[in-house]
1. Return the pairs, sorted by first residue and then second, in which the second residue is at pLDDT 85 or above and among the hydroxyl-bearing types (Ser, Thr, Tyr), the first residue lies in segment 35-61 and is at positive phi, the beta carbons are less than 9 Å apart, and the residues are 6+ apart or on different chains.
2. Being open to solvent by less than 40 Å² (accessible area, probe 1.4 Å), under 17 Å from Thr149 (Cα atoms) and either assigned to a loop (DSSP other than H, G, I, E, B) or modelled with pLDDT under 75 (or both) is the filter here, so list the residues in segment 110-138 that pass it.
3. For a quick check of your reading: which strands (runs of 3 or more DSSP E) sit entirely within segment 47-104 and have at least 2 residues that are touching a His at 6+ places or on another chain (Cβ under 9 Å)?
4. Only one residue in Arg1, Arg31, Arg16 is modelled with pLDDT under 90 and either over 20 Å from Cys83 (Cα atoms) or surrounded by fewer than 12 Cβ atoms within 10 Å (Cβ to Cβ) (or both), so which one is that?
Amino acid sequence: RDWSADVCSSELTHERLLEVLDYDPETGEFRWKPHKGLRKVRAGTVAGTLNQLGYRQISIKRKVYLAHRLAWFYVHGTWPTRCIDHINRNRADNRLANLRDVTHSQNGANSRPKNASHPKGVTFHAASGFWYANVTKDRKVTFLGNYRTMEEAHKAYVSGATRIHGEFFNTGEDGGDECL
């Protein structure tokens, strides 16, 4: 093949992906295959770099692809149409067993809190002096009550979120994914 032709004129094809990269679903690593046209890479080396958000990204012909989305495409032959969630919330862990195709809401259930000063699902209402617990799923907010302490509100959140989100729930205390 003549790799001087733009590999990504519009979208990377599955055939082209298989020609330039090897993917190991057990380790989550991509390695470059020998090829012409992508001159700055050496065959056999690990492909990509970590971006500022902690995701591995791989550049092919000046177009940047997130490795977790490439992994899905590599194995399944079609681009994911929804979010690819890292089950263990480690954005650099692209093992196939750690990736799942989820809705935006499911991905959000497996995310970190937006405010680092208190647990996920808990907010302080200054006017009342109470801590509120809420769970959001599919843009619907479920109010779980107000509590005297942050710990009580968090306990209510964990109980409610476990029931509402099931396997996608986590406390958010160890990081999480954006919907990418």
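1. Going by the 9 Å Cβ cut-off, the qualifying pairs are Gly48/Ser59; Gly48/Tyr65.
2. Correct list: His118, Pro119, Lys120, Gly121, Gly129.
3. 83-86, 99-102
4. Selected residue: Arg1, the only one of Arg1, Arg31, Arg16 that is modelled with pLDDT under 90 and either over 20 Å from Cys83 (Cα atoms) or surrounded by fewer than 12 Cβ atoms within 10 Å (Cβ to Cβ) (or both).
The values are calculated or read from the model by the stated rules, or taken from the named source; none is laboratory data. Computed from a predicted structure; not experimentally measured. All Cβ positions, glycine included, derive from the backbone under ideal geometry; neighbour counts span all protein chains shown. Accessible surface is based on the protein model in full, side chains and every heavy atom, while ligands, DNA and RNA are left aside. Shrake-Rupley method; radii C 1.70, N 1.55, O 1.52, S 1.80 Å.
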